[in-house]
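Data first, discussion second: the structure below is written as structure tokens.
The values are calculated or read from the model by the stated rules, or taken from the named source; none is laboratory data. Owing to the predicted nature of the structure, the values given are computational and were not obtained by experimental measurement. Because the Cβ atoms are built from the backbone with ideal geometry, glycine has one as well, and the counts that use them run over all protein chains shown.
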Amino acid sequence: MFIHSGAMTTRVRTPKVNGLRFARDTFRHGLRTEGPALDGTADIVRLTFNRHPLFVVRHPDHVDHVLRAQVDRYRKSVEYETLRAVLGLSLFTDEGGSWRRHRTLIGPVLARPRLADLFELMVDPVDRLLTTLDRDGDRFELEMAEAMTALTLDVVGSALFGRGMADLARRIGPNVTAGLRGAERATRTLLIADPPAVLVRAIAAAIRHSPVLPRRQARMREVMRTIDETVWGVITDRRAEPGRADDLLGLLLSVRDADGRPLPLKRVRDEAATFMLAGHETTANALSWMWYLLATNPGARNRLLAEVDEVLGDRRPVFADLPRLAWTTACFMEAMRLYPPAWSIPRRCVIGDDIAGHSIPRGSRVIIPIYAVHRDPRWWPAPETFDPGRFLPGAARQHHRAAYLPFGGGRRVCAGQHFAVIEATLLTAMLSRRYTFDQVPGFPVEPEATLTLRPRHGLRMIARRRLGSS
Ligand code: HEM
């Protein structure tokens, strides 16, 4: 490997890590945020344990190289095939020219100005949760991770399908969750086995169509069918009401290309399913970690309580409140630094590359370990400290732009990032206006890196009703 600098050529040796150990650990313990490959100090390491080398790239310059400067050399890796099997062809799973065209058409649906119109639909499910919690008295225990998963599914379901469909997301909720868990197991296997994409597609097709299947795969098919049929049902009903565009589904149905053609209905279905799956578990995990961090950092929590009391008082939030909830938003952003729900980003190198003199052969897999990047003391002073002040507007930007990647980066950056931040700010403010949440003493809290980074044992908390909250 060589670096070309003018006439000079410098050889760069890429440190190697025992790939077999990494593979064994992954099988035994699930994906790891730490360990020799992801937690080391080298900016690039190379692991070899099957057909293609795997590079872990953690210097922000190199991350920028992969996600921005040389983005055409990389594609989403084979792990995304399982999501394609569940979600179909959507922004999340599409590639190349088709992805570009659809991102231009669909991206604006989730842009900030549109979200202002959807804000009321996001408030309703939080109100419903508060009404349910209020029945439990002034002090009670709750499973926060589960509560956040149910709530974020409800919020995205409400924004997607509108008010009349309040219970739809809840009805298919268990299937959505089961679909994600199935995709997680498959992702772990794919990371280790690294099969060709055609083989993965063939297996996914077999799961869809084969008359006889093992129990687990049969359950997965059942899950996929339920999500499919439910979303199709809503789309079919909605087509009977042309012109209605006051929720995300209406917006998707109203999208037109340059020739005035709408999106094919199958694409609308796939995008809607993607919004539901990609859009709730990630936000729920980030929120769970944020409640945990607030419970363990009383100074940050007191400031948040003072802010929500001052901004909201006893009224229903409106979109215009958001800029004044700056500390609340900052708490969410800082929680995602310490516990990024998408804790790593995998890519496949499709045209051989050279990163700062390290040769990346065509076919290699590249992993960006976001969790490790977010805790690197070179970019984050006192990286283990929960300090929301880092994300206040006007705070001196201390970090490299590719040192903070909860939503990914470059052109494939999360299409729902504004949705997620608005939703999280809103529901943190509404819940904090009414309750404080503390840890149940002795309850173990530990991250588990599956498809998303979630609390391994869930998160049991004690809710206390705040004096003076109505
Ligand atoms: C805290 C919450 C969220 C986190 C941490 C998150 C994280 C991410 C990340 C890291 C990616 C890039 C993946 C990659 O490059 O391989 C991504 C993509 C995406 N996310 Fe999110 N996401 C969140 C919420 C949402 C929401 C609420 C929606 C929709 C309502 C959404 C829809 C999408 C879509 C459609 C893509 C694919 C974008 C493209 O490739 O064009 N996400 N998300």
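Brief remarks follow.
- Within segment 44-89, being surrounded by fewer than 19 Cβ atoms within 10 Å (Cβ to Cβ) and not in a helix (DSSP H, G or I) holds for 48, 49, 50, 51, 52, 70, 75, 89.
- For segment 372-392, filtering for residues that are free of Cβ contacts under 8 Å to residues at least 40 places away in the same chain and among the small types (Gly, Ala, Ser) leaves 1.
- Extreme residue, modelled with the lowest pLDDT, among residues of segment 60-89 that are touching a helix residue (DSSP H, G or I) at 6+ places or on another chain (Cβ under 6 Å) and acidic (Asp, Glu): 79
- Count of residues meeting criterion [among the hydrophobic types (A, V, I, L, M, F, W, C) and modelled with pLDDT under 90] in segment 90-136: 0
- Selection of segment 90-113 for residues being under 14 Å from residue 413 (Cβ atoms), away from the ligand (no atom under 11 Å from the Cβ) and either basic (Lys, Arg) or assigned to a helix (DSSP H, G or I) (or both) yields an empty set.
- If you go through segment 379-420 and pick out every residue that is within 16 Å of the ligand (Cβ to nearest atom) and touching a Pro at 6+ places or on another chain (Cβ under 6 Å), you end up with 3.
- Tally of residues being surrounded by 21 or more Cβ atoms within 10 Å (Cβ to Cβ), under 23 Å from residue 451 (Cβ atoms) and touching a Phe, Trp or Tyr at 6+ places or on another chain (Cβ under 9 Å) across segment 345-363: 2
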